[in-house]
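Structure record follows, encoded as structure tokens.
What follows is calculated from the coordinates using simple rules that are stated; it is not laboratory data. Just so it is clear, the model here is predicted, and its values are computed rather than measured. We place every Cβ from the backbone using ideal geometry, glycine too, and count neighbours over all the protein chains shown.
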Amino acid sequence: MSPASFPKNKRAPLYRDVPDEKWNDWRWQLSNRLNTAEEFEKVLPLTESERKALSTSGLFRVDITPYFASLIDPADPHDPIRRQVVPLADEIAPFTGMMEDSLAEDRHSPVPGLVHRYPDRVLMLVTTQCASYCRYCTRSRIVGDPSATFSRAEFEMQLEYLKRTPQVRDVLLSGGDPLTLAPKLLDELLGRLREIEHIEIIRIGSRVPVFLPQRITPEFCDTLAKYHPLWMNIHVNHPNEITAELAEACDRLSRAGVPLGNQSVLLAGINDCVHIQRKLVQDLVRIRVRPYYLYQCDLVEGAGHFRTPVAKGIEIIEGLRGHTSGYAVPTYVVDAPGGGGKIPVMPNYLVSMSDHKIILRNYEGYITTYEEPITYQPHDPKTCAYCRNKRSEPGQSGVTGLLDGDEMFIKPEHFDELHNRGGGQHRLRADSDKWKPLGIGSGEEL
Ligand SMILES: *Cc1c(COP(=O)(O)O)cnc(C)c1O
């Protein structure tokens, strides 16, 4: 079977004489990354804005692998790959709503580098290093610092927390990029996690296959295969990133049994277009990568000029759902500022409803009805083992807890004080001569 064919990296002229064994060596790629204006000028003529940004002190770290830089069309200042990794002067401009830790990750960290935001899974930040640095990085507050690398002491604290927190069944390794860790260290780290019995799945979020596909060697895939079930999300934003090299890296990972997903960020001027997105997701499924999330750009410093309206994301999903394979359609999410977590946003397909009928529209605008069943016999939660064993942390049952009757409402903070202005003394019913405070939501209603 012939694998999907994608163009091979053409190498910028500067690298044409580099011997193949060097070019294909991930260590060579890492140690020859571009990071100064002088180095960039040898590969692509810089614009004034880029030159200005590169001479700014305190700029978020810049580093681009020769492989990734070679995918840029040097003649195009708007090249979609260039814009993701070469800084512009705009990066320094503040904007309304900008935050340092927009996802409030630090607040959700029981121990340094471990973000426990959701009931059953954690995000584990194992390094601050990446193979190249995305200008819109959501974690630019910690990522890139060359002096802050993997800390063994923090790792031990993270492991201790995981051991004593049995509700965690899914650990997501991120950073930084976990695949930039020394191979032995990553191997050890995965092994230590696997010793914890309640951890069912391990996931890795990595852009290394995109920035540095040379890293995905057969030996490396053998290492990963020791720790199944292990899943991986890569990060591709534009079809130009899908090369023969990336296709091969993904093929190796897939053959090693690692299911692959993709997380993209919606970026102004880069992939804010239905047609680019359709090509991107279709090419991803050709290399057996399932589009997982499309993220709205976070309110993070340096990313102001990348932001699009949320409406653009809805328009893109409108142009994907139904128009192409369901496998190719990601979930569009806004990672809510303040730590609200990921919130899916999509076009409305439910048009209206009555007690016996719902009205739906499809991607073509065809409007139809679905007759609801008149006699619906739900399964019996009293005899259902899964229903009887359900548990959740207090306050974590969410909206589903409202549906299944455990909770009657979810209240904003200070709701009770605000709505208890009279201290509850004044009963509105004329026949009551005694008052007693009513427990709101206690079922005891006026
Ligand atoms: C995104 C994220 C996860 C994983 O979320 P899924 O929707 O399960 O992919 C877990 N923890 C944190 C803090 C996250 O930001």
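In the range 1-345, what percentage of the DSSP-assigned beta bridges are antiparallel, given to the nearest 5? The antiparallel proportion sits near 25 percent.
Sorted largest first, the spans of the alpha carbon positions of the range 28-181 along the three principal axes are 54, 41, 25 Å. For the range 353-385, trypsin sites (Lys or Arg not before Pro) meeting the loop criterion (DSSP other than H, G, I, E, B) and having at most 11 other Cβ atoms within 10 Å: K382. Considering only beta bridges that DSSP places wholly inside the range 287-420, some 75 percent are antiparallel.
Mean sequence separation of contacting Cα pairs (under 8 Å, at least six apart), scaled by the length of the chain, corresponds to a relative contact order of 13 percent. Sorted ascending by nearby beta carbons within 10 Å, beginning with the fewest, C384, C137, C250 become C384, C137, C250.
With neighbour counts taken as other beta-carbon atoms within 10 Å, the residues S102, S55, S392 rank, fewest first, as S55, S392, S102. By the rule of a C-alpha distance below 12 Å, with chain neighbours fewer than 8 residues away ignored, the aspartates and glutamates paired with K357 are E371, E372.
Loop-resident chymotrypsin sites (Phe, Trp or Tyr not before Pro) (DSSP state other than H, G, I, E or B) in the range 157-251 with no more than 11 further Cβ atoms inside 10 Å of their Cβ are absent. Computed per residue of the chain from DSSP H runs no shorter than four, each worth -39500 (n - 2.57), the mean residue ellipticity at 222 nm is -7000 deg cm²/dmol. Remark: the Cα gyration tensor places the range 1-345 in the rounded category, a/c being less than 1.5. Taking square-rooted eigenvalues a ≥ b ≥ c of the alpha carbon gyration tensor, is the range 257-367 rounded, prolate or oblate, where a/c under 1.5 means rounded and, failing that, a/b exceeding b/c means prolate? Taking the square roots of the gyration eigenvalues as a ≥ b ≥ c, the range 257-367 is oblate.
The convex hull of the Cα atoms of the range 302-434, projected and averaged over all directions, covers 16.5 nm². In terms of packing, defined here as the mean over residues of other Cβ atoms within 10 angstrom, the peptides 339-351, 124-136 line up highest first as 124-136, 339-351.
Relative to the dominant Cα principal axis of the chain, helix 244-255 is inclined by about 50°.
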